[in-house]
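**Q** Sharing a structure below in structure tokens format, with a few things to ask.
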Amino acid sequence: MISFTHDVSAQRVVFAAGALARVDEEAERLGLSRVLVVATPGSGARLGEKVVEILAARSVGLHAGAVIHVPKVVAEAGLAAARAANADGLVAAGGGSAIGLAKAIARETGLPIIAIPTTYSGSEATSIFGITDGARKVTGRDAKVMPRTIIYDPELTLGLPASVSAASGMNAIAHCVESFWADGRTPVTLALASEAMRRFAKSLPAVVANGADRDARGECLVAGWLSGTVLSVSNGLQHKLAHVLGGLGLPHAEAHAIILPHVTRFNLAAAPEAKARLAEALGSDDPAAAIANMLKQFPIPQRLRDIGFDAGKMDFVAGEIAAQSIKSPRPVAVADVREVLAGAN
Ligand code: NAD
């Protein structure tokens with residue numbers, strides 16, 4: 001008999017071409033009058049400056065210090081900036097790195113976040129935070145870090161490089177694929193993940209081929225949102241393996257993308273319902289091959305060794321994963337992890 005628990009988070013989503021212009025009214029709606037804008041340096045900072053300009057008197061400045069995986073010193077500097085500015089709210093403009101820094105600040109201060117995502121990795125729709133201390137990445141959940149409002153503006157993604165589009169899109173696809181076999185899946189997560197997969201399958205190759213394709217950009221941004229909403233149940237082999245590889249210094253989205261076809265093949269052998277859903281969404285009887293084909297078309301690294309994986313660490317990684325006693329959709333032994341890693345290397 002079917003049985004599940006489903007939490008629904010209160011979150012407002014504004015989606016439109018040009019929606020960036022609405023950031024001031026959304027901040028006002030939350031009662032904010034001293035907003036700190038958080039971004040990555042470079043092109044992220046330029047977007048951050050634009051947000052500061054729109055917020056005008058409601059902004060207390062830009063902190064363009066976000067770094068992937070939120071190193072502890074970066075989180076501390078962000079927190080200090082928010083305190084020094086006496087901020088009463090945060091706008092995170094950019095990808096998962098900018099949103100990750102805003103979450104780290106919100107976790108300590110409880111400040112509300114408005115997220116303006118410009119990649120597809122989905123962090124804006126989760127209450128999951130992560131901070132890196134040396135080689136250790138600590139992740140957890142805290143309702144305080146869930147952005148109150150998301151503003152999606154596909155226009156902001158037109159300049160997203162093909163490599164970041166592909167890597168963050170594959171990261172999002174990994175959230176969806178794993179949610180199909182996750183213990184915590186519900187009728188809602190299954191439906192949202194199917195919808196996200198359908199949109200990504202059609203539109204991710206299109207944006208990688210032509211970043212100026214506005215319709216495909218919009219479709220991928222919708223798919224990225226939906227993928228974030230199912231991430232909270234996606235904590236099996238795919239995400240645990242990506243986490244351990246991240247601890248070894250491998251880039252997050254690229255590591256997800258490379259291992260995904262191999263983890264998918266391994267797990268779908270024991271998950272017929274997940275296989276049927278994925279087959280339908282991807283329009284292929286062999287979903288693992290369809291995902292491998294997508295990866296092959298994309299201008300991102302294809303093998304773990306290309307992103308710095310040291311094959312001498314295989315036993316270490318296999319041991320770490322086997323120790324986590326993953327059961328769903330099938331038990332994972334040391335030899336299984338070695339096989340997945342060898343296939344991906
Ligand atoms: P990112 O934020 O690291 O961005 C990658 C690069 O693309 C950066 O240099 C950034 O400046 C640039 N960029 C971003 N948007 C751009 C745009 N529109 N135009 C031009 N350049 C742009 O990429 P990401 O993959 O979104 O984020 C990865 C991080 O997010 C990792 O730390 C990962 O752990 C985290 N993450 C967290 C969650 C969660 O729920 N907490 C979910 C997914 C990912």
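**Q** Given the conditions (1) more than 10 Å from the ligand (Cβ to nearest atom); (2) surrounded by 15 or more Cβ atoms within 10 Å (Cβ to Cβ), which single one is not true for THR157?
**A** Unmet for THR157, out of (1) more than 10 Å from the ligand (Cβ to nearest atom); (2) surrounded by 15 or more Cβ atoms within 10 Å (Cβ to Cβ): (1).
**Q** For the stretch 172-193, how many residues are open to solvent by 10 Å² or more (accessible area, probe 1.4 Å) and not basic (Lys, Arg)? It would help to see each step written out before you state the result.
**A** Our first condition is that a residue be open to solvent by 10 Å² or more (accessible area, probe 1.4 Å); within the stretch 172-193, this holds for 183-185, 187-188, 190-192.
From what is left, the residues that are not basic (Lys, Arg) are 183-184, 187-188, 190-192.
Of the residues in that region, 7 qualify.
**Q** Is there any pair linking a residue in the stretch 31-56 that is among the polar types (S, T, N, Q) to one that is away from the ligand (no atom under 11 Å from the Cβ) and open to solvent by 10 Å² or more (accessible area, probe 1.4 Å), with Cβ under 6 Å and at least six apart or on different chains, and which?
**A** Pairs found: SER33/ARG58.
For (1) surrounded by fewer than 21 Cβ atoms within 10 Å (Cβ to Cβ); (2) in contact with a Cys (Cβ under 9 Å, 6 or more places away or on another chain), each residue gets a yes or a no:
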| residue | (1), (2) |
| --- | --- |
| SER227 | no, yes |
| VAL230 | no, yes |
| VAL233 | no, no |
| LEU248 | yes, no |
| HIS252 | no, no |
| ALA271 | yes, no |
| GLN297 | yes, no |
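**Q** Anything in the stretch 128-154 that is of a type outside the set (A, V, I, L, M, F, W, C) and open to solvent by less than 30 Å² (accessible area, probe 1.4 Å)? List them, or say none.
**A** Of everything in the stretch 128-154, those that are of a type outside the set (A, V, I, L, M, F, W, C) and open to solvent by less than 30 Å² (accessible area, probe 1.4 Å) turn out to be GLY130, THR132, GLY140, PRO147, THR149, TYR152, ASP153, PRO154.
**Q** Restricting attention to the stretch 79-104, which residues are within 14 Å of the ligand (Cβ to nearest atom) and not basic (Lys, Arg)?
**A** Within the stretch 79-104, ALA92, ALA93, GLY94, GLY95, GLY96, SER97, ALA98, ILE99, GLY100, LEU101, ALA102, ALA104 meet the criteria.
**Q** Here's something else I'd like to know. When you scan the stretch 5-79 for strands (runs of 3 or more DSSP E) that lie fully inside it, which ones turn up with 1 or more residues that are touching a strand residue (DSSP E or B) at 6+ places or on another chain (Cβ under 8 Å) and open to solvent by 40 Å² or more (accessible area, probe 1.4 Å)?
**A** Here the list reads 12-15, 59-63.
**Q** In the stretch 25-36, is there at least one residue being under 25 Å from the mean Cα position of the chain (by Cα) and within 20 Å of PRO154 (Cβ to Cβ)?
**A** Checked the stretch 25-36: at least one residue is under 25 Å from the mean Cα position of the chain (by Cα) and within 20 Å of PRO154 (Cβ to Cβ).
**Q** Could you tell me how many of the residues in the stretch 208-240 are in contact (Cβ under 8 Å) with a residue 60 or more places away in the chain and over 15 Å from the mean Cα position of the chain (by Cα)?
**A** Qualifying residue count for the region: 6.
**Q** Conditions first: (1) crowded, with 18+ Cβ neighbours inside 10 Å; (2) free of Cβ contacts under 8 Å to residues at least 24 places away in the same chain; (3) in a loop (DSSP other than H, G, I, E, B). LYS275 passes all but one, so which condition is the exception?
**A** (3)
**Q** A follow-up question, please. Looking at VAL13, VAL37, can you tell me which residue is within 16 Å of the ligand (Cβ to nearest atom) and more than 23 Å from VAL60 (Cα to Cα)? Give the derivation first.
**A** Values: VAL37 fails: more than 23 Å from VAL60 (Cα to Cα).
Of the residues listed, the single one that is within 16 Å of the ligand (Cβ to nearest atom) and more than 23 Å from VAL60 (Cα to Cα) is VAL13.
**Q** Right, another one. Based on what the data block shows, is SER165 under 26 Å from LEU282 (Cβ atoms), touching a His at 6+ places or on another chain (Cβ under 9 Å) and either within 13 Å of the ligand (Cβ to nearest atom) or touching a residue at least 12 places away in the same chain (Cβ under 8 Å) (or both)?
**A** no
The values are calculated or read from the model by the stated rules, or taken from the named source; none is laboratory data. These numbers were taken from a predicted model, which means no experiment stands behind them. Here the Cβ is made from the backbone with ideal geometry for all residues, glycine too, and neighbour counts use every protein chain on show. We work out accessible area using only protein heavy atoms, side chains counted, and drop any ligands, DNA or RNA first. Shrake-Rupley method; radii C 1.70, N 1.55, O 1.52, S 1.80 Å.
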